[in-house]
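Some notes on the structure that comes next.
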Amino acid sequence: MSVETTLADVRQRAMAGLSEASSLGEILEWERLYLGPKGELTVFLRSLGALSPEERPIAGKAGNALKVELTALFEARRQALATADLDQRLEADRVDVSLPGRAQTIGAAHPVSQMIDDLSDIFALMGFQTVFGPEVETGRYNFDLLNIPSDHPARDVWDTMHVDAPGEIVMRTHTSPMQARVMEQTDPPVRVIVPGRVFRYEAQDASHEWMFHQLEGLAIDRNITMADLKGTLTEMARQLFGPKRRIRFRCDFFPFVEPGVDFAVDCAICDGKGCRVCKHTGWLEMGGAGMVHPRVLTGVGYDPAVYSGFAFGLGIERLTMMRTGVDDIRAFAAGDVRFLRQFARAA
Ligand code: FA5
């Protein structure tokens, strides 16, 4: 085959291939076939040395002319396909600026968190430091050091979620284990509050959750009496519910206090006259309290002949219900933003 025929054949196939290439990938493949380092035309031009001296300049000229022609055509076609490809992608990703934007929602503190913040502020003014403790506890702190030995009937009071089979590791059933943890780490005087989540294996109803929050309080010093406990809780109730509130103590039993009480505040909504929120009693139960049991003090190495103190534990959801009038505790953890939004307040 003569050089002219070979080049004419290459040209014809190259032209056909060029018009068939319909994507960037295909046109690049075409370039590889004809103009690439191992492409037909490149190989042809490299083989010119094998021709006779007369043929060589003619073939070289024709080959180079074809290379220039095909390179120009390739560039034009590649440009056109690249533009089409970009147009297609822009079209697919098109943003419709006339659509309404998505509003940014700004979060707000959960009503229980708000209550914890408020209580921390109130107690800080009375000299209490806020501390936090582990939610997974050992039986030693949750029960033993609180004067609740393993065979004590009081241990049944809280249906406990166990983490290990022997029941040595538990989900804390109250915030009271932090009493011993704090006292072990600190010398008196002690004044702390401990807000946090607690867990009980308990059926849910309008006033009971299996997971809820408590706020523990502990004050230890020389000469602390029930009067200090009453004063502290009265001040808290007044800060939270208004200047006129009163506190009621009734005898109750907790193994880690002696004497033990449950305490209530007179209902701020009806001023103690009786209403739906206080179930027509005029009083709202807040929690348990008492003077720290001498055995608890001894257990952490404090001398009960020198030191005394009080402790209390209140239910934070219950307090929040009193403040907001919410009558079903389950609403707090249900995660319904419409419910929670009602309590959003500016940070
Ligand atoms: C205790 O947990 C004691 N640790 C409190 C205490 C601390 C007493 C220090 C003495 C000294 P009690 O089980 O009563 O006590 O719970 C305290 C408060 O937690 C209750 O008054 C109530 O407000 C709240 N509470 C208890 N169980 C639930 C529940 N299932 N759901 C929501 N709140 C609850």
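Considering the range 225-253, and only residues there that are surrounded by fewer than 19 Cβ atoms within 10 Å (Cβ to Cβ) and among the hydrophobic types (A, V, I, L, M, F, W, C), the residue that is farthest from PHE312 (Cα to Cα) turns out to be PHE241.
Filtered by the rule that a residue be of a type in the set (Gly, Ala, Ser), farther than 25 Å from ALA21 by Cβ and surrounded by 11 or more Cβ atoms within 10 Å (Cβ to Cβ), the range 43-85 gives SER47, ALA59, GLY60.
Looking across the range 178-191, the residues that are closer than 17 Å to THR298 by Cβ and either in contact with a Gly (Cβ under 9 Å, 6 or more places away or on another chain) or touching a residue at least 40 places away in the same chain (Cβ under 8 Å) (or both) come down to GLN179, ALA180, ARG181, VAL182, MET183, GLU184, PRO188, VAL190. Pairs linking a residue in the range 8-23 that is in a loop (DSSP other than H, G, I, E, B) to a residue that is surrounded by 15 or more Cβ atoms within 10 Å (Cβ to Cβ) and among the aliphatic types (A, V, I, L, M), with Cβ atoms under 8 Å and 6 or more positions apart or on different chains, are ALA21/ILE27; ALA21/LEU81; SER22/LEU81; SER23/LEU81. Do we find that VAL300 is touching a residue at least 40 places away in the same chain (Cβ under 8 Å) and touching a Cys at 6+ places or on another chain (Cβ under 7 Å) in this structure? Judged against the criteria, VAL300 is not a match. Pairs only if they're at least six apart or on different chains, beta carbon under 8 angstrom, first in the range 277-288 and assigned by TED's automatic domain parsing to the domain that holds ASP328, second assigned to a strand (DSSP E or B) and more than 14 Å from the ligand (Cβ to nearest atom); list them, first residue then second. Filtered contacts from the range 277-288: GLY282/ASP266; TRP283/ASP266; LEU284/ASP266. Apart from one condition, ASP205 fits all of (1) under 26 Å from ILE247 (Cβ atoms); (2) modelled with pLDDT under 95; (3) out of contact with any His (no Cβ under 8 Å at 6 or more places or on another chain); the exception is (1). Does PHE199 count as touching a residue at least 40 places away in the same chain (Cβ under 8 Å), under 27 Å from PRO149 (Cα atoms) and open to solvent by less than 40 Å² (accessible area, probe 1.4 Å)? For PHE199, the condition - touching a residue at least 40 places away in the same chain (Cβ under 8 Å), under 27 Å from PRO149 (Cα atoms) and open to solvent by less than 40 Å² (accessible area, probe 1.4 Å) - is met.
Suppose the filter is within 60 Å of the chain's Cα centre (by Cα) and surrounded by 15 or more Cβ atoms within 10 Å (Cβ to Cβ); does LEU18 pass it? Can you show your working first?
On the way: within 60 Å of the chain's Cα centre (by Cα): yes; surrounded by 15 or more Cβ atoms within 10 Å (Cβ to Cβ): yes.
Spelling it out, LEU18 is indeed within 60 Å of the chain's Cα centre (by Cα) and surrounded by 15 or more Cβ atoms within 10 Å (Cβ to Cβ).
Limited to the range 219-237, what total is found for residues that are basic (Lys, Arg) and either within 13 Å of the ligand (Cβ to nearest atom) or touching a residue at least 40 places away in the same chain (Cβ under 8 Å) (or both)?
Pass one, the range 219-237, residues basic (Lys, Arg): 222, 230.
Among the residues that remain, those that are also either within 13 Å of the ligand (Cβ to nearest atom) or touching a residue at least 40 places away in the same chain (Cβ under 8 Å) (or both) are: 222.
So the count comes out to 1.
Return the only residue of GLN88, GLN104, GLN114 being under 30 Å from ALA346 (Cβ atoms) and open to solvent by 80 Å² or more (accessible area, probe 1.4 Å). Outline the logic, then answer.
Numbers: GLN88 fails: under 30 Å from ALA346 (Cβ atoms); GLN114 fails: open to solvent by 80 Å² or more (accessible area, probe 1.4 Å).
From the options GLN88, GLN104, GLN114, the qualifying one is GLN104.
Selection of strands (runs of 3 or more DSSP E) fully inside the range 101-218 by the criterion of at least 3 residues being in the same structural domain as ARG238 (by TED's automatic domain parsing) and within 15 Å of the ligand (Cβ to nearest atom) returns 190-199.
For ALA227, are the conditions met, namely being over 37 Å from the mean Cα position of the chain (by Cα), assigned to a helix (DSSP H, G or I), small (Gly, Ala, Ser) and in the same structural domain as PHE132 (by TED's automatic domain parsing)? Yes.
Does the range 70-100 hold any residues that are outside the structural domain of GLU40 (by TED's automatic domain parsing) and of a type in the set (S, T, N, Q), and which are they? Within the range 70-100, just SER98 meets the criteria.
The values are calculated or read from the model by the stated rules, or taken from the named source; none is laboratory data. Note that the coordinates shown come from a computational prediction; the quantities given were computed from them, not determined experimentally. Note that each Cβ is placed from the backbone with ideal geometry, even for glycine, and that neighbours are counted across all protein chains shown. Please note that ligands, DNA and RNA were not included when accessible areas were found on the heavy atoms of the full protein model with its side chains. Shrake-Rupley method; radii C 1.70, N 1.55, O 1.52, S 1.80 Å.
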